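Only one structure is covered here, and it is reproduced in the block below.
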Amino acid sequence: MTAHELEKIIIQEALDLKKEEAFSICILDEQILSKKSFPEMLATILAQQLGGDLVSKVDLEKLFLNQFNLFPSIIDDAICDLLATKDRDPACSFYLEPLLFFKGYQGIQAFRTAHSLWNTNKIFSAKVLQSIVNQKFSMDIHPAAKIGCGILLDHATNIVIGETAEIDCNVSIFHGVTLGGSGNETGDRHPKVESGVMIGAHAQLLGNIRIGKGAKIGAGAVVLTHVPAHTTYAGVPAVPMGRPEHEMPSLKMQQDFTRDAKL
């Protein structure tokens with residue numbers, strides 16, 4: 001879906017909602033209907049959520065718009081993430097919801113902006129944005145981490161993603177997940193997550209380990225070793241439990257291990 005196609009859908013959703021709920025009128029007029037494009041909508045919404053004493057809403061909106069203009073791929077990824085959220089989250093009934101209300105969606109778009117700052121050696125600005133997202137959303141993603149598109153951060157509270165972590169496209173991650181180091185080592189020290197992976201709530205993935213394509217990590221698992229592709233791992237420490245029912249568990253969001261095939 002193109003940005004223009006998505007804009008038309010979002011605008012129609014906003015117009016329909018205005019007819020049904022008077023409480024929505026001010027928010028929708030200010031953050032959606034008065035804007036000329038999806039990037040403007042996103043910049044305004046992020047600034048509204050993250051602006052405050054440290055950095056004003058006006059300055060943040062300018063920052064977001066500037067980075068969106070310099071790095072159009074941020075918007076391409078934001079659209080991909082929005083489609084993924086709408087498709088995979090059963091609590092999401094229309095596109096306006098994650099755009100306006102889901103901190104997992106908003107937080108990863110702020111991360112993408114911080115990442116673009118980090119990559120252009122604007123380290124302080126990237127760290128400031130990381131800090132604000134941490135304070136406001138209770139999710140901490142280092143701006144140097146590498147994250148693909150089509151990402152769903154479901155609920156997102158207490159997600160931690162370390163400096164050298166890498167997440168491929170089409171991954172779904174529940175709240176409380178850590179992609180962290182296993183000690184005070186330096187260098188390449190955080191997990192690498194391949195496409196199609198689903199990581200259950202409060203799973204802890206520690207060290208420079210690789211989670212293979214289409215793997216499924218159970219809620220509360222402590223993963224300290226490489227996980228083969230298309231394998232379910234669970235437990236403390238995590239061990240192989242079977243093979244996911246689907247090739248891309250991230251797309252199906254099925255957490256019931258009893259449906260998985262035996263190894």
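Descriptive notes on the structure:
- One Cα centroid belongs to region 186-208, the other to region 215-244; the line between them spans 11 Å.
- Loop chymotrypsin sites (Phe, Trp or Tyr not before Pro), region 77-158 (other Cβ atoms within 10 Å of the site Cβ: 16 or fewer; DSSP): Phe94
- Computed from the C-beta positions of Glu21 and Lys127, the FRET efficiency with R₀ = 41 Å rounds to 0.60.
- Structure remark: mean-square fluctuation, Gaussian network model of the chain, C-alpha springs under 10 Å; the largest value among Ile27, Ile74, Ile151 belongs to Ile27.
- A Gaussian network model of the chain, with springs between Cα atoms under 10 Å, assigns the largest mean-square fluctuation among Glu40, Glu166, Glu185 to Glu185.
- Gained length - Asn69 relative to Leu83, 0.36 nm times residue gap less alpha-carbon distance: 2.9 nm
- In this label model, Ala229 and Lys136 are separated by 3.9 nm, measuring between points 7 Å along each Cα→Cβ vector.
- Residue-span extension gain [Thr120 to Ser56] - 0.36 nm each, minus C-alpha spacing: 20.8 nm
- The tail of the calculated P(r) for the chain, taken as Cα-Cα distances beyond 27 Å, holds 38 percent of the pairs.
- Pairs of lysines in region 145-263 (C-alpha under 20 Å apart; 8 or more residues apart or interchain): 9
- Think of it this way: in the chain, Cys26, Cys92, Cys169 stand alone, with no other Cys Cβ under 4.7 Å.
- Once C-alpha pairs closer than 8 Å and six or more residues apart are averaged by separation and normalised to the residue number of the chain, the relative contact order reads 10 percent.
- Compared with the alpha-carbon gap, the fully stretched path from Phe257 to Lys36 is longer by 75.0 nm at 0.36 nm per residue.
Bear in mind that the values in this text are calculations on the coordinates, not laboratory data. Owing to the predicted nature of the structure, the values given are computational and were not obtained by experimental measurement. Reconstructed Cβ throughout: ideal geometry from the backbone, glycine too, with neighbour counts over all protein chains shown.
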